[in-house]
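I have placed the structure first, in the form of structure tokens, so that the comments after it can refer back to it.
The values are calculated or read from the model by the stated rules, or taken from the named source; none is laboratory data. These figures come from a predicted structure and were not determined experimentally. Neighbour counts are summed over all protein chains in view; Cβ atoms, including those assigned to glycine, are modelled from backbone coordinates with ideal geometry.
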Amino acid sequence: MEGAADAFCCGGCEAAHAIIHGAGLDRWYAERTAYAPRPEPLAGWWDAVPVETGADGACTVHLAVDGLRCASCVWLAEHVLQATPGVRDAHVSYATGRATLRWDPAATDLPALARRIAALGYRPRPLTEAASPDRGLLLRLGVAAFVAMNVMLLAASVYAGWWGGMDPAFAALFRWTTLALATPVALWCAAPFYQGALAGLRHRRLHMDLPVSLGLVLLYGHGLAATLRGHDGYLDSMVMLVTLMLAGRVLESRGRRRALEAATALAGSAPRTARRVAGDTVETVPVAALAPGDLIDVGPGEELAADGVVTQGAGQVRLALLTGESEPVAVEPGRRVVAGALLADGALTVRVEATGQDTMLQRMARELERAADRSLRPTAADRLAPWFTAATLALAALAFGGWYLAAGLDTAIMTTVAVLVVACPCAIALSQPLASAAGLGAAARRGLLFRSTDALLTLNDVTEVALDKTGTVTEGELAVVRADDATLRLAAGLERHSSHPIARAILAEARRRSIPLPRATDVRETPGRGVEGILDGGRHALRSGGPGVVELTGPAGVVGRIELADQVRADARHAVAALERLGLRVTLLTGDRAEVAERIGREVGVRSLHAGMTPDAKAAWVRARQRAGARVLVAGDGLNDGPALAAADVGVAMGTGAASSVLVADGVIAGDGIMPLVGAVRAARACERAILANQRRSLLYNGVAVTAAFAGLINPLVAVCLMPLSSGIVIWGALGVERAVRRDEAAA
Amino acid sequence: MRAILFLLPVALLLGGIFAWLFLRAVKSGQFDDLDDPPVRMLEDD
């Protein structure tokens, strides 16, 4: 493999290379490299990639890289790039599938680097999104937080001075320092809010940034005027407001970016080229050139480029991407295969039926994109805030007008600022995040990590739970259920070097029973058929003996049988019962056969089940339930659950499941078992109660305080002291969440 | 009380140093990718 000849990331990769090399398949590498000047997707796309040129003349570019399968892939890609002459720096991220390259334009160029990545078997492509925008937000937040802390200290002394008396010179020093600190916050840190407000105005929409911006401008304007005239302004409130809102923005943009990346990664995961059969020759064409009816060749280790039907050849296809079942499926002429499936071994000729946007893979990618959009859905606080702030502004305007007519400009300004400060939606803005954070913490301690507070809140409205079978209700791995030691010993000897799931299960069981393995010779493994070899002086073979059973035959016929099954998780039955006690209807959804589903259903106590479901069917079922008025929680582990997880009101992935299902889900179960679902539902309910109580408290506070301020009964100083009081009440309310969950658990 | 004339700039300077360190960390990309380092922890080099 080019200059990377002996740079293997791990023993496994080296062994894989040895196998490919030993099998005389070096041509495969050659072919992959030959893909580099591909006509359609690769040629010319780099013209569209924004290259930043730094002050030192080095070029920087951000690319998405598909096909990174493990941390070792990242290691390999990074080291090969770093070893390339002219490259100053290369960073590849596994979590986001992105590469950042910095190079010397005199020594190399982007097309060469892209080819270099492609030569390793990874697929570079332009990022569909501009480089991460939240760096700027983070910078603004850092400055705002620094200023906020200092200004708070200054403000505390100034306010203390109202009672204790303060040297006017010091008071002036503090005021001017505060103004100096607050000015960059108002002008620079808060700029995103002004931009949002202006953009909203241009589109004639009441963006929530508008009232916020108006409030900030008013507060800053008043603070500036007050400082110039030797009075106290309320710049500390303004700085605090900006800091809190920026923190919210940063968290939000993180979550959104991850959802977007999951969707684009899946869309890019299909191959870009295919080998089309044209008469007696085979030509490599871009996928876009394929049309239904074309014949394509697929070799071992290649991914299918289109949906279609096998016309020739045989082999084993790994459909993990679509069905989540890790076991390869044997295919033969007449069988349907889908784009994105990996041909584990064998060789196929496939008649194309669907390409591009019509393939199953692309349909699933679209579902995932819809899920990404869903994370843009405004939270309850977002929906409430504009109205609340608009009402506050209206009240403030009214107060200003009224007091101006009644008592002149100075009183009017003081009253208006008191109204603005006292009604600062801090308590309301805090009430939900704080209680949610407590709820998220309570759920996390019980093993379920939620991505957003919104998901936790939606969990309250959930009326039913749909569980995927493989990997969610069950362990997702085959295990030996019944076998005698003698049979197991011989079978394990035969399977010693196999990595087939059945072999893994047999070997694990033999190890558990500490059975010493015999040495088998002349072992032959026929994909999809079984394994045979010479053991204890006789020819033995291991073959399928019906569903979930393998049969060991010796020279004199059948020696023994081994029964295997996908084990139900230890806590599944308990968890299902607990969910039903919480008033949720539990349904089992599976792509597996009906009899397997029924057996598992009986074992865990689920009455409602649907078997033989495709990923699309699962999502359709979820939507049908939603149309019937239900709110559905879906828990699944494979990418095949992606559409259902996306369609669900709340999607929960198993932490051990496919990476993309984890990325698209609203929450992830860390560790084994589904009991965390129960804990999360309890946490969500306690959280909802706390939020409602908090909102009632802060609304009450705001109602009373704003009325008083409006009536001119509160001067701005008292208002500033009242503000933290209302926040304190809200914090106290949020702390009760964990206690409430424990109470519920004890009662259950 | 005159100590404040000295302490106030010192406090701001100290705070400013930390703010500057944070800004530098953000600009150098240390906060761009918070998911990757745990995956890389076991690498040898």
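What single numbered condition from (1) modelled with pLDDT under 85; (2) more than 7 Å from every other protein chain (Cβ to nearest Cβ) fails to hold for residue B:40?
In the conditions (1) modelled with pLDDT under 85; (2) more than 7 Å from every other protein chain (Cβ to nearest Cβ), residue B:40 misses (2) alone.
Within region A:481-519, track down each residue that is under 18 Å from residue A:563 (Cβ atoms) and part of a loop (DSSP other than H, G, I, E, B).
Correct list: A:483, A:484, A:500, A:513, A:515.
Would you point out the residue of region B:1-28, among those that are more than 8 Å from chain A (Cβ to nearest Cβ) and assigned to a loop (DSSP other than H, G, I, E, B), that is modelled with the highest pLDDT?
My answer is B:28.
Scan region A:539-553 and tell me whether some residue there is hydroxyl-bearing (Ser, Thr, Tyr) and exposed (fewer than 14 other Cβ atoms within 10 Å of the Cβ).
Within region A:539-553 (the criterion being hydroxyl-bearing (Ser, Thr, Tyr) and exposed (fewer than 14 other Cβ atoms within 10 Å of the Cβ)), the answer is yes, since at least one residue qualifies.
For residue A:702, all conditions in the list (1) at pLDDT 75 or above; (2) under 30 Å from the mean Cα position of the chain (by Cα) hold save one; what is the number of the exception?
Failed condition: (2).
Being of a type in the set (A, V, I, L, M) and farther than 23 Å from residue A:344 by Cβ is the filter here; which residues of region A:285-304 pass it?
Within region A:285-304, A:285, A:288, A:289, A:291 meet the criteria.
This table checks each residue for (1) of a type in the set (Val, Ile, Thr); (2) exposed (fewer than 13 other Cβ atoms within 10 Å of the Cβ); (3) in contact (Cβ under 8 Å) with a residue 40 or more places away in the chain.
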{"residue": "A:482", "(1), (2), (3)": "no, yes, yes"}
{"residue": "A:489", "(1), (2), (3)": "no, no, no"}
{"residue": "A:501", "(1), (2), (3)": "no, no, yes"}
{"residue": "A:505", "(1), (2), (3)": "no, no, yes"}
{"residue": "A:508", "(1), (2), (3)": "no, no, no"}
{"residue": "A:515", "(1), (2), (3)": "yes, no, no"}
{"residue": "A:526", "(1), (2), (3)": "yes, yes, no"}
{"residue": "A:531", "(1), (2), (3)": "yes, no, no"}
{"residue": "A:537", "(1), (2), (3)": "no, yes, no"}
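What is the number of the single condition among (1) crowded, with 18+ Cβ neighbours inside 10 Å; (2) modelled with pLDDT of 75 or more; (3) touching a Ser or Thr at 6+ places or on another chain (Cβ under 6 Å); (4) not aromatic (Phe, Trp, Tyr) that residue A:298 does not meet?
Evaluating residue A:298 over (1) crowded, with 18+ Cβ neighbours inside 10 Å; (2) modelled with pLDDT of 75 or more; (3) touching a Ser or Thr at 6+ places or on another chain (Cβ under 6 Å); (4) not aromatic (Phe, Trp, Tyr) leaves (3) as the failure.
Please tell me if residue A:377 is at pLDDT below 75, of a type in the set (Lys, Arg) and not in a helix (DSSP H, G or I).
Here the answer is yes, as residue A:377 does meet what is asked.
Which numbered condition in (1) loosely packed, with under 13 Cβ neighbours inside 10 Å; (2) assigned to a loop (DSSP other than H, G, I, E, B); (3) modelled with pLDDT of 80 or more is the only one that residue A:522 fails?
Here residue A:522 clears every test but (2).
Name, by its number, the condition in (1) at pLDDT 80 or above; (2) part of a helix (DSSP H, G or I); (3) within 11 Å of chain B (Cβ to nearest Cβ); (4) over 29 Å from residue A:246 (Cβ atoms) that does not hold for residue A:74.
That leaves (1) as the condition not met.
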